[in-house]
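**Student:** Questions regarding the structure given below will be posed in turn.
The values are calculated or read from the model by the stated rules, or taken from the named source; none is laboratory data. This structure is a prediction, so every number in the text was calculated from the model and none was measured. Every residue, glycine as well, gets a Cβ built from its backbone with ideal geometry; the counts of neighbours run over all protein chains shown.
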Amino acid sequence: MKILSKTYIALILAIMYIPILVLMLFSFNSTNNTGVFTGFSFYWYQELFRSAETFAALKNTLILAVSSAVTATLIGTAASLGLHRMRSKFLRGTITSLTNIPMMNPDIVTGISMMLLFVFVGTRLGSTEKLNFWTLLIAHVTFNLPYVILNVTPKFRQMDKHLPEAAQDLGCTPVQSFFKVELPCIMPGIVTGFIMAFTLSLDDFVISYFCSGSDFQTLPILIYSMTKKEVKPDIYALSTLMIIAILALLILSNLSNGRDDGLARLHNWRSRVREKVQTRREAKGGGAK
Amino acid sequence: MKRSFRFLFLMAASLMLLIMLVSCDGKDTITLNVYNWGEYISDGSEGTLDVNAAFEEYYYETYGQKVKVNYTTYASNEDMYAKLRSGSTGYDIVIPSEYMIQRMINEGMLEELDFDNIPNFEYIAPEFRNQYYDPDNLYSVPYTYGMVGIIYNTKMVDEADIGSWDLLWNEKYTGKILQFNNARDAFGTAMYYQGIDVNTKDRAQWEIAVNLLKQQKPLVQGYVMDEVFNKMKGESAAIAPYYAGDYLTMYDSNDALAFYYPEEGTNVFVDAMCIPKGSRQKNVAEAYINFMLTEEIAVANAEYIGYASPNLLVRESEDYIAYMEDWHEDAMTILYPDTASVPTQYYHMLDAETQAISNELWEQLKIESSVGDTVHVIALVIVVICTAFFLWRFILKKYRTSQY
């Protein structure tokens with residue numbers, strides 16, 4: 001059984017990572033042949049650094065990803081706070097479902113409806129370029145929002161609701177109690193939400209395709225347009241660099257977390273779980289009697 | 001606590017910085033928005049000339065005005081059309097194919113060009129002026145053209161079998177043949193083969209073509225567009241209809257590939273530069289078009305793209321001929337065949353009714369048993385198992401709760 005489970009994991013990992021490894025391998029190919037590996041070279045990396053078009057697209061993509069993720073994180077955290085404090089259960093449920101719509105909606109529907117809205121409003125306002133960076137940003141923030149809310153809301157729920165009360169008892173103003181007590185508690189959720197929003201915005205094609213104007217082309221759109229002829233291996237080189245950068249970032253963040261409070265947090269969590277189990281057992285035991 | 005503040009502050013700061021980055025455009029610089037096919041201009045990669053940068057420099061030197069070429073790309077005529085049609089009219093130059101130009105002219109989407117600003121138009125070969133799509137040549141200036149032919153692998157295909165479209169229907173090469181994955185070009189292969197007018201409105205003719213394609217389907221390895229490059233280069237397929245210019249690109253990686261124009265006739269396309277309605281920099285756009293027709297630039301583009309150029313300066317340029325012949329010894333005859341030996345025909349814009357016939361028959365062809373019955377059976381089994389599982393759990397739960 002153990003061997004079976006191990007092979008299963010190996011298989012899953014292989015299926016996930018072999019395509020990436022093949023892409024990395026062919027970024028070092030000396031010709032643009034994707035069938036045969038003709039020789040090792042850094043040729044496509046040199047090409048990549050010479051290609052102004054690719055770099056402009058990469059810059060655009062990063063600008064868009066960071067700004068939309070930041071905006072979505074700010075709005076999303078505020079929204080979760082509001083939802084958490086809401087008294088009416090019905091209203092909370094309705095608003096939660098409403099904010100989830102952009103996530104459930106197929107990208108193409110979101111993209112087209114957003115484009116129609118922007119063009120309609122743009123025509124009303126009489127602007128010449130109806131689709132530009134700002135429309136793209138609005139669209140990205142829209143589809144990023146539910147992911148942030150989804151990550152932050154559970155943190156609010158996990159937080160002891162007496163903590164802010166205690167803080168205010170001890171002399172905090174409501175604002176202080178939010179920044180000093182609640183925010184640190186929900187920080188992990190905010191960071192996860194931010195990262196998710198960032199990655200989603202980074203690789204979004206469909207919505208960007210409909211909502212981008214003439215002055216702002218992102219990397220996925222550029223790569224798609226290359227399929228008229230063929231995608232050149234300098235894109236493989238770029239992807240390889242991006243994967244390495246993300247990998248380095250992940251390792252770094254894991255290392256730093258592990259060093260300062262990863263262990264402590266784990267400890268905390270375990271004792272909390274134990275407590276919960278204990279109380280539940282007691283409750284159940286009482287019920288049976 | 002401090003950490004969370006720092007994090008928030010960092011986020012806000014980076015946001016401000018980025019927004020500043022986006023919005024800091026020089027006021028005295030004109031932006032020219034060029035919308036072109038992907039990989040369709042000499043862009044400075046692999047030691048070629050960067051045409052857009054050269055234009056910015058040229059314009060500044062000639063007119064003393066700074067111009068920034070904002071170059072974006074699309075993958076098909078229809079993509080470009082949808083984008084323009086959506087009302088986002090920020091483009092100054094687009095480069096559609098001939099049938100799309102006809103449609104855009106009909107729908108009033110193109111601006112008439114001022115040919116006084118495009119004196120280099122005189123270098124365009126006479127056979128590319130006043131074509132059907134733009135009879136008085138008011139709207140468009142040809143950029144590239146090309147023809148469809150058949151690419152085959154000399155290691156796998158017998159030389160005796162070549163010459164006609166019937167190679168695509170040759171049972172000897174079952175599983176080694178590729179076909180276009182778009183209705184117009186795929187029907188085209190069958191129609192040229194049978195000598196049917198590709199712009200016919202007669203449903204019966206379209207049905208003859210679709211029957212031929214259905215007959216071909218078991219022989220075909222796949223319906224492809226740009227995958228054709230890897231399949232032909234990697235020799236997983238032996239025969240494919242595609243464009244002459246793209247054949248040269250494939251030949252670059254695999255010199256066992258060869259090319260011919262079918263004797264029955266074939267398709268020719270022209271991609272031409274146009275200025276869409278709503279352009280705010282019409283003069284600069286015309287200067288750009290004119291610049292693209294100068295010898296140095298046109299040669300650089302023709303060498304980069306590998307498609308044929310309608311520009312006479314290019315065809316007579318010794319550098320260009322030497323470059324192309326170094327690429328492939330017959331490159332010049334492949335790209336610029338004797339027009340008498342290969343009958344060619346343009347695709348016209350189909351009217352709505354014919355378009356509907358074409359779509360319907362194409363769907364018929366693609367849907368028909370494209371997934372085997374086994375796939376259906378497996379999918380059905382999975383659905384049944386899932387339903388049974390949830391039903392069973394539901395019943396179990398009901399049963400358990402009733403016990404208490």
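**Student:** Of the numbered conditions (1) farther than 30 Å from A:ILE207 by Cα; (2) assigned to a helix (DSSP H, G or I); (3) of a type outside the set (Lys, Arg), A:ASN33 satisfies every one except a single condition; which is it?
**Tutor:** Just one mismatch for A:ASN33, condition (2).
**Student:** Examine region A:175-185 for a residue that is within 14 Å of chain B (Cβ to nearest Cβ), surrounded by fewer than 18 Cβ atoms within 10 Å (Cβ to Cβ) and part of a loop (DSSP other than H, G, I, E, B), and state whether such a residue exists. Let's see the steps before the verdict.
**Tutor:** As a first pass, look at region A:175-185 and keep what is within 14 Å of chain B (Cβ to nearest Cβ): A:175-185.
Then drop every residue that is not surrounded by fewer than 18 Cβ atoms within 10 Å (Cβ to Cβ), which leaves A:175-176, A:178-180, A:184-185.
Pick out the ones that are also part of a loop (DSSP other than H, G, I, E, B) and you get none.
Checking region A:175-185: not a single residue is within 14 Å of chain B (Cβ to nearest Cβ), surrounded by fewer than 18 Cβ atoms within 10 Å (Cβ to Cβ) and part of a loop (DSSP other than H, G, I, E, B).
**Student:** Right, here's the next one. For residues that are touching a strand residue (DSSP E or B) at 6+ places or on another chain (Cβ under 7 Å) and in a loop (DSSP other than H, G, I, E, B), scanning just region B:27-41, find the one that is nearest to the other protein chains (Cβ to nearest Cβ).
**Tutor:** B:GLY38
**Student:** Within region A:214-230, restricting attention to residues that are assigned to a helix (DSSP H, G or I) and at the interface with chain B (Cβ under 7 Å from one of its Cβ atoms), which residue is nearest to B:TYR242 (Cα to Cα)?
**Tutor:** Of all residues in region A:214-230, those assigned to a helix (DSSP H, G or I) come to A:219-228.
With the extra rule that they be at the interface with chain B (Cβ under 7 Å from one of its Cβ atoms), the set shrinks to A:222, A:224-228.
Details: A:LEU222: 23, A:TYR224: 20, A:SER225: 18, A:MET226: 17, A:THR227: 14, A:LYS228: 12 Å.
Out of the qualifying residues, it is A:LYS228.
**Student:** Among the residues of region B:346-355, are any surrounded by 11 or more Cβ atoms within 10 Å (Cβ to Cβ), in the same structural domain as B:LYS217 (by TED's automatic domain parsing) and polar (S, T, N, Q)?
**Tutor:** Yes: region B:346-355 contains one or more residues that are surrounded by 11 or more Cβ atoms within 10 Å (Cβ to Cβ), in the same structural domain as B:LYS217 (by TED's automatic domain parsing) and polar (S, T, N, Q).
**Student:** With the condition being away from every other protein chain (no Cβ under 12 Å) and touching a Lys or Arg at 6+ places or on another chain (Cβ under 7 Å), I'd like the helices (runs of 4 or more DSSP H) fully within region B:239-313 carrying at least 3 qualifying residues. If you could, list the steps in order and put the result at the bottom.
**Tutor:** Details: elements: B:244-253, B:282-292, B:295-305.
Per the criteria, no element qualifies.
**Student:** Right, another one. Do you know which residues across region B:184-215 are closer than 27 Å to B:GLY234 by Cα and either of a type in the set (Val, Ile, Thr) or surrounded by 20 or more Cβ atoms within 10 Å (Cβ to Cβ) (or both)?
**Tutor:** Within region B:184-215, B:ALA186, B:PHE187, B:GLY188, B:THR189, B:ALA190, B:LEU213 qualify.
**Student:** Among the residues in region B:167-179, are any under 30 Å from B:THR73 (Cβ atoms) and touching a residue at least 24 places away in the same chain (Cβ under 8 Å)?
**Tutor:** At the first step, the residues of region B:167-179 found to be under 30 Å from B:THR73 (Cβ atoms) are B:178-179.
Those left that are additionally touching a residue at least 24 places away in the same chain (Cβ under 8 Å): B:178-179.
For region B:167-179, residues under 30 Å from B:THR73 (Cβ atoms) and touching a residue at least 24 places away in the same chain (Cβ under 8 Å): present.
**Student:** Out of (1) closer than 20 Å to B:PRO96 by Cα; (2) surrounded by 21 or more Cβ atoms within 10 Å (Cβ to Cβ); (3) of a type in the set (Gly, Ala, Ser), the odd one out for B:ALA125 is which?
**Tutor:** (2)
**Student:** Taking B:ASP330 as the residue in question, decide whether it is at pLDDT 90 or above, among the acidic types (Asp, Glu) and closer than 30 Å to B:ASN77 by Cβ.
**Tutor:** yes
**Student:** Out of the residues in region A:190-206 that are part of a helix (DSSP H, G or I) and surrounded by 24 or more Cβ atoms within 10 Å (Cβ to Cβ), which is nearest to the other protein chains (Cβ to nearest Cβ)? Please lay out each step first, then the result.
**Tutor:** Filtering region A:190-206 for residues part of a helix (DSSP H, G or I) gives A:190-202, A:206.
So of that shortlist, the ones also surrounded by 24 or more Cβ atoms within 10 Å (Cβ to Cβ) come out as A:193-194, A:197, A:201.
Working: A:GLY193: 12, A:PHE194: 8, A:ALA197: 11, A:SER201: 13 Å.
Here the answer is A:PHE194.
**Student:** Restricting the search to region A:1-46, which residues are hydroxyl-bearing (Ser, Thr, Tyr) and surrounded by 12 or more Cβ atoms within 10 Å (Cβ to Cβ)? First the steps, then the outcome.
**Tutor:** The initial filter retains those residues of region A:1-46 that are hydroxyl-bearing (Ser, Thr, Tyr), namely A:5, A:7-8, A:17, A:27, A:30-31, A:34, A:38, A:41, A:43, A:45.
Of everything in region A:1-46, those that are hydroxyl-bearing (Ser, Thr, Tyr) and surrounded by 12 or more Cβ atoms within 10 Å (Cβ to Cβ) turn out to be A:SER27, A:SER30, A:THR31, A:THR34, A:THR38, A:SER41, A:TYR43, A:TYR45.
**Student:** Same structure again: If you take just the helices (runs of 4 or more DSSP H) that sit entirely in region A:47-158, which of them hold at least 1 residues that are surrounded by fewer than 14 Cβ atoms within 10 Å (Cβ to Cβ), free of Cβ contacts under 8 Å to residues at least 12 places away in the same chain and within 14 Å of chain B (Cβ to nearest Cβ)? Please lay out each step first, then the result.
**Tutor:** On the way: elements: A:52-85, A:89-104, A:107-125, A:133-158.
Because the criterion is at least 1 residues that are surrounded by fewer than 14 Cβ atoms within 10 Å (Cβ to Cβ), free of Cβ contacts under 8 Å to residues at least 12 places away in the same chain and within 14 Å of chain B (Cβ to nearest Cβ), the helices (runs of 4 or more DSSP H) in region A:47-158 that meet it are A:52-85, A:107-125.
**Student:** State all residues of region B:316-345 that are surrounded by 12 or more Cβ atoms within 10 Å (Cβ to Cβ), polar (S, T, N, Q) and in a loop (DSSP other than H, G, I, E, B); if no residue qualifies, say none.
**Tutor:** Across region B:316-345, the qualifying residue is only B:SER317.
**Student:** Exactly one of these conditions fails for A:PHE42: (1) in contact (Cβ under 8 Å) with a residue 40 or more places away in the chain; (2) more than 20 Å from A:LEU222 (Cα to Cα); (3) away from every other protein chain (no Cβ under 12 Å). Give me its number.
**Tutor:** Just one mismatch for A:PHE42, condition (1).
**Student:** If I filter region B:84-106 down to residues being in contact with a helix residue (DSSP H, G or I) (Cβ under 8 Å, 6 or more places away or on another chain) and among the charged types (D, E, K, R), which single residue comes out as surrounded by the most Cβ atoms within 10 Å (Cβ to Cβ)?
**Tutor:** Among them, the one singled out is B:ASP92.
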